[in-house]
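Enquirer: This structure is in structure tokens; I'll ask about it shortly.
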Amino acid sequence: MEPLPNGNSTVTNATTASATATSLPSLHAGVPSSKLSQLTESLKLEHQFLRVPFEHYKKTIRANHRAVEKEVSAVMSGLSDAGDLSQDDAVQHLNSLVSRLQGLKRKLEDGSRAENLQAQRCRARLDHLESADADNISEWNNTRLKRILVDYMLRMSYYDTATKLAESSSIQDLVDIEIFYEAKKVIDALRNKEVAPALAWCADNKSRLKKAKSKFEFQLRLQEFIELVRSDNNVRAVMYARKYLAPWAATYMKELQKVFATLAFTSNTGCEIYKVLFEPKQWDYLMDQFKQEFCRLYGMTLEPLLNIYLQAGLSALKTPFCYEDDCTKEDPLSQESFRKLAMPLPFSKQHHSKLVCYITKELMDTENPPLVLPNGYVYSTKALEEMATNNNGKITCPRTGLVYNYTEVTKAYIS
Amino acid sequence: MELNSIKDAFDCVIKKQALSTSKFEEAIEQIIQEIDQTLSGIQSALNGLSSQPDHKSILGELKTKLKEIAPLGRLEGTQKELNIALSKYTKLLEKQFNPDISKSYRNVDFDSHTVNQIIAGHFYREGLFDIGDCFINEAHEDVIFVRKTRFLEMYEILESMKSRDLGPALKWATTNHEKLQQNGSDIELKLHRLQFMEILQHGSRDEALKYGRTYFAPFATEHFSEIQKLMACLLWAGKLDLSPYSEFLSPTHWAKLAQELAQELCNLLGESYESPLRVTIGAGVQGLPTLLKLMNVMAGKKAEWECMKQLPVPVDLGTEYQFHSIFVCPVSREQASEDNPAMLMSCGHVLCKQSIAKLSKNNSTRPFKCPYCPTEVEVGQCRRLYF
């Protein structure tokens, strides 16, 4: 017999109903302390949230300092040269140096302002983490979901959506749109087979890339070399190699030799080993490499946050029952798309029984123990008591339609 | 995690950075001053006022003076302090937070099309139609047209309710009258009731009466007492707050009904009430710390991690994430399944089928002792349970 639909849930479980488009106020005061402690525990996952703007801040400070130091040294050495000039020239020279320094003062001010803006952003994020408390748990979680979605959009280069989403809930300070725009320039150029912005980025981050023993610059240079070979500019290619590839020779000799050999084979080669070096997907590889280096430099995860949380959630929710036809619609894994994603992931595990009443969707525990009908179907005490009260002591099993007396149920003891 | 120590460390960084900037300013100012002095020195030499006849020697003096002051060198101290503060903050972040949450990420094929479909569905469900469209565009995905229109309709109804307009909601309820009746839902009556009260409060008694006559009739048999009360309200038109039915006026009815309506709408559409993306991410946020800890323990066994069929430890989620009944046999610690269902013994304790088989030593005629009480149990009397 076809299972009957659930009776109307008389108790709207207020903890499940969080804000939808209707944004309803919470109908009960006081949040269970477990929820608050869970929230604070989840803050520990937010390393990227604080680290990225801080790395950006550090970078700006360093760049500003370098620029100032460079200018000051230039002025100082300019002063030493002044000794050889004639009187009038010397005066002119000194005056020009002074105006340079005045200009530098203004630049310093501008730089300081930029640094402060970034420091403010770091501070705003610290404040946001601090703001997580019992009164706004669901709102804070909603913001987190939006942040995760913006992060996904930026990684996939859907910049319009990212900007719109950030604007819609005014979370611009909490997401890293500008930083990804920096990456966008490089990625777009690489897509157009131009390495210049990528090389500029490497120059900007030279010391840190060196510290991380990155070979990205080397790979960019190799690609430029290949392009020169491709256009039969062999002489220029060799000159290029002498200037830009030679410094890397010590560390990456074998690779260098392989690429250098393309001179002999040219771009029309049939030889597999060298043919692959000329393929356009080498550029895709460079784009991926850049994304990785970029993420590593800023302390970001390589994968989008969305994927990380999705995987964890799917695995935690996955049970064999999710794949059955009568899986409740409230379970995300009742949906085809979620099921598909969860296929290769491990099932969750329980060490203790957790039983949910089919009627009320509440937990059946010692306070609300499970009762067994003569047909073997189990429901919670609360549900059956209510049903019996409203129906002259009669109970109808919602799934089989069979009717029994309340007196016919037996108690089950589940540990 | 102590946010205060992190905030303090950041304040320290700000201080050192401000200090560094001001020291830079000082240094530049100093150099400027020295040059200015030199310039006026040369000028006075020109005017025959100074003892120094030659601009070269004045310049030479400048050179020595600047070497003495060594403005750049003096900055080294503050720079070092700034660097220390910067690296201290970074280290503090690494210590207090989990520096790499992707450690437990499995390298499985996470089809981006599926993910995009999920995201698009989420946007439409949340009423963010512009953003959803923009996303579909940028991601070059196909529009899930049917779902989008459904959610559009639902959103319109709920938005109108927010501005106290029950029109669209009532229209929807009438269209879906049969299905609602089938599900045993009384939302149609509730909507009419609310509309009735609105008319009575703001309109005339006659209008309300007319409304009641038109719309309450189909519900007369089942909800007679309810309708009686509503009609009785007519007697108190204009003084409803003094009537025994004043609670019908409470504004909370709107919020409550909106929520019920949302639930009913989702129910009829075959959708869940909560966005499944939100639910999954919520579960992920709760479960990720456990998975990361697990990954730490299994550090060297990446291969094992990638192909495990079931997590080796339980991930504790809140009760709102418990969608299915899981029975774990207290004896074998295995989860019940179709092949190994939960069985109720005559004493009221529950074990899984295989455990019972083992305890009875596969002899279905002899009774065995329940592990939890002194009762003797017959295998044949054990009943299968359906949760």
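Every number here is computed from the coordinates shown, using simple stated rules; none is lab data. Bear in mind that the values here come from a model prediction, so they are computed numbers and not experimental data. Because the Cβ atoms are built from the backbone with ideal geometry, glycine has one as well, and the counts that use them run over all protein chains shown.
Enquirer: Would you kindly derive the ³J(HN,Hα) couplings of region B:112-125 from the backbone phi angles with the Karplus curve 6.51 cos²θ - 1.76 cosθ + 1.60 (θ = phi - 60°), listing them in order in whole Hz, with x for Gly and Pro?
Expert: For region B:112-125, the Karplus curve yields 5, 5, 4, 4, 4, 4, 4, 5, 4, x, 5, 4, 5, 5 Hz.
Enquirer: Let me ask another. Kindly identify region A:218-275 as rounded, prolate or oblate by the Cα gyration tensor criterion: order the square roots of the eigenvalues as a ≥ b ≥ c, call it rounded if a/c is under 1.5, otherwise compare a/b with b/c, prolate if a/b is larger, else oblate.
Expert: On the way: a/c = 2.15, a/b = 1.32, b/c = 1.63.
Verdict is oblate for region A:218-275.
Enquirer: Need one number: the % of Cα-Cα pairs in the protein assembly as shown sitting beyond the 44 Å mark. If you can, show how the numbers build up before the last one.
Expert: Numbers: 156279 of 321201 pairs.
That tail contains 49 percent of the Cα-Cα pairs.
Enquirer: Scan around A:VAL356 for amide H atoms under 5 Å from its own, H built in the peptide plane at 1.01 Å from N, and keep only partners 5 or more places away or cross-chain.
Expert: Amide H neighbours of A:VAL356: A:MET364, B:SER325, B:ILE326.
Enquirer: Turning to a different aspect of this structure: Compute and list, largest first, the equivalent-ellipsoid semi-axes of region B:197-304 from the alpha carbon gyration tensor, each √(5λ) rounded to a whole angstrom. Please report the intermediate quantities before stating the final value.
Expert: Numbers: eigenvalues 581, 50, 23 Å².
Working through the eigenvalues yields semi-axes of 54, 16, 11 Å.
Enquirer: Pull up the cross-link candidates among the lysines for B:LYS190, meaning alpha carbon to alpha carbon under 23 Å and not fewer than 8 places away within one chain.
Expert: Those lysines meeting the cut-off are B:LYS162, B:LYS171, B:LYS179, B:LYS210, B:LYS229, B:LYS239, B:LYS256.
Enquirer: Could you give the semi-axes, largest first, of the ellipsoid that matches region A:27-171, computed as the square roots of 5 times the alpha carbon gyration tensor eigenvalues and rounded to whole Å? If you can, show how the numbers build up before the last one.
Expert: On the way: eigenvalues 541, 49, 29 Å².
They are 52, 16, 12 Å, listed largest first.
Enquirer: For region B:275-284, what does the Karplus curve 6.51 cos²θ - 1.76 cosθ + 1.60, with θ = phi - 60°, yield as ³J(HN,Hα) per residue in whole Hz, taken in order and with x for Gly and Pro?
Expert: 4, x, 5, 4, 4, 5, 5, x, 5, x
Enquirer: Using the alpha carbons of region A:285-347, what is the convex hull volume per residue in cubic angstrom, as a whole number?
Expert: Numbers: hull volume 6.3 nm³, N = 63.
Hull volume normalised by residue count: 99 Å³.
Enquirer: Moving on to the next point. Among the listed pairs A:LYS215/B:LYS103; A:LYS58/B:LYS80; A:LYS184/A:LYS210; A:LYS58/A:LYS210; B:LYS16/B:LYS91; A:LYS58/A:LYS211, which have their C-alpha atoms separated by more than 20 angstrom in this model? Kindly include the intermediate steps, with their values, before the conclusion.
Expert: Numbers: A:LYS215/B:LYS103 23 Å; A:LYS58/B:LYS80 14 Å; A:LYS184/A:LYS210 23 Å; A:LYS58/A:LYS210 17 Å; B:LYS16/B:LYS91 17 Å; A:LYS58/A:LYS211 16 Å.
Beyond 20 Å: A:LYS215/B:LYS103; A:LYS184/A:LYS210.
Enquirer: Can I ask one more? Taking 0.36 nm per residue of sequence separation and subtracting the Cα-Cα distance, how much length would be gained by fully extending the chain between A:SER267 and A:SER77, in nm to one decimal? Kindly include the intermediate steps, with their values, before the conclusion.
Expert: Numbers: separation 190, 0.36 × 190 = 68.40 nm, distance 4.94 nm.
Taking 0.36 nm per residue and subtracting the Cα distance, the gain is 63.5 nm.
Enquirer: For peptide B:17-25, what's the mean number of Cβ atoms from other chains within 10 Å of each residue's Cβ?
Expert: Details: counts 8, 4, 0, 5, 10, 2, 0, 10, 6.
Mean shielding count: 5.
Enquirer: Could you tell me the number of lysine pairs in region A:294-383 with C-alpha atoms less than 25 Å from each other, where the two lysines are 8 or more residues apart or belong to different chains?
Expert: 14
Enquirer: Could you pull out which residues in region B:52-76 have an amide N less than 15 Å from a spot 7 Å beyond the Cα of A:SER96, following the Cα-Cβ vector?
Expert: none
Enquirer: Taking B:LYS56 as the anchor, which aspartates and glutamates have their alpha carbon closer than 19 Å to its alpha carbon, excluding any fewer than eight residues away along the same chain?
Expert: A:ASP81, A:ASP84, A:ASP88, A:ASP89, B:GLU34, B:ASP36, B:GLU68
Enquirer: Next question. Given the Cα atoms of region B:321-387, and with Rh set as the inverse mean 1/r over their pairs in the Kirkwood sense, what is Rg to Rh to two decimals? Intermediate values should be presented prior to the final figure.
Expert: Working: Rg = 11.8 Å, Rh = 12.1 Å.
Computed over Cα atoms, the ratio is 0.97.
Enquirer: Using amide H atoms built 1.01 Å from N in the peptide plane, name the residues 5+ places from B:HIS349, or on other chains, whose amide H lies under 5 Å from its own.
Expert: A:TYR413
Enquirer: Further question: Name the residues whose placed amide hydrogens come within less than 5 Å of the amide hydrogen of B:TYR386, ignoring near sequence neighbours (fewer than 5 apart) on the same chain.
Expert: A:TYR377, A:VAL378
Enquirer: What's the average, rounded to a whole number, of partner chain beta-carbon atoms within 10 Å of each residue's beta-carbon in B:99-107? Show your work: numbers first, answer last.
Expert: Working: counts 5, 5, 11, 11, 2, 4, 7, 7, 2.
So the per-residue partner count for this stretch is 6.
Enquirer: Express the C-alpha Rg of chain B as a ratio against the empirical globular expectation 2.2 N^0.38 Å, rounded to two decimals. Before the final figure, lay out each step's value.
Expert: Working: Rg = 38.6 Å, N = 387, 2.2 N^0.38 = 21.2 Å.
In units of the globular-protein estimate, chain B measures up at 1.82.
Enquirer: Quick check: convex hull of the Cα atoms in chain A, volume per residue, rounded to a whole Å³? Each step should come with its number before you reach the end.
Expert: Values: hull volume 96.2 nm³, N = 415.
Given the Cα convex hull of chain A, per-residue volume reads 232 Å³.
Enquirer: In whole angstrom, how far apart do the alpha carbon centroids of region B:239-311 and region B:102-130 sit?
Expert: Answer, in whole Å: 17.
Enquirer: For region B:43-199, which semi-axes, largest first and in whole Å, follow from the square roots of 5 times the eigenvalues of its Cα gyration tensor?
Expert: Working: eigenvalues 1171, 136, 69 Å².
Sorted largest first and rounded, they come to 77, 26, 19 Å.
Enquirer: For a quick check of your reading of the filter: which trypsin sites (Lys or Arg not before Pro) in region A:210-300 sit in a DSSP loop and have no more than 11 other Cβ atoms within 10 Å? Write down the numbers at each step before the final one.
Expert: Values: sites: A:LYS210, A:LYS211, A:LYS213, A:LYS215, A:ARG221, A:ARG230, A:ARG236, A:ARG242, A:LYS243, A:LYS254, A:LYS258, A:LYS275, A:LYS281, A:LYS291, A:ARG296; in loops: A:LYS213, A:LYS215.
Qualifying residues, ordered by number: A:LYS213.
Enquirer: Further, regarding this structure: Please identify every one of the GluC sites (Glu not before Pro) in region B:323-387 that sits in a loop by DSSP and has no more than 10 other beta carbons within 10 Å of its own beta carbon.
Expert: Values: sites: B:GLU334, B:GLU338, B:GLU376, B:GLU378; in loops: B:GLU334, B:GLU338, B:GLU378.
When the GluC sites (Glu not before Pro) of region B:323-387 are filtered for loop state and at most 10 Cβ neighbours within 10 Å, B:GLU338 remain.
Enquirer: Additional query: From the phi angles alone, apply the Karplus equation (6.51, -1.76, 1.60; θ = phi - 60°) to region B:17-32 and give each ³J(HN,Hα) in whole Hz, x where the residue is Gly or Pro.
Expert: 5, 4, 4, 4, 4, 5, 5, 4, 4, 4, 4, 4, 4, 4, 4, 4
Enquirer: Okay, next question. Hey, got the Cα dimensions of region B:113-269 along the principal axes, in Å, largest first?
Expert: 61, 29, 21
Enquirer: How much space per residue, in cubic angstrom, does the convex hull of the C-alpha atoms of region B:3-96 take up? Display every interim value, and only then the final one.
Expert: Details: hull volume 6.9 nm³, N = 94.
Taking the convex hull of the Cα positions in region B:3-96, it is 73 Å³ per residue.
Enquirer: Report the trypsin sites (Lys or Arg not before Pro) located in region B:283-325 that are in a DSSP loop and have at most 11 other Cβ atoms inside 10 Å of their Cβ, or state none. Could you put the intermediate results ahead of the total?
Expert: Details: sites: B:LYS293, B:LYS301, B:LYS302, B:LYS309; in loops: B:LYS301, B:LYS309.
Hits after loop and neighbour filter: B:LYS301, B:LYS309.
Enquirer: Further, regarding this structure: Please give the Cα centre distance for region A:342-415 versus region A:237-281, rounded to the nearest Å.
Expert: About 71 Å separates the Cα centre of region A:342-415 from the one of region A:237-281.
Enquirer: Enumerate the aspartates and glutamates that A:LYS411 could reach by cross-link, defined here as Cα to Cα under 15 Å, with residues fewer than 8 away along the same chain left out.
Expert: Partners within reach: A:ASP365, A:GLU367, A:GLU385.
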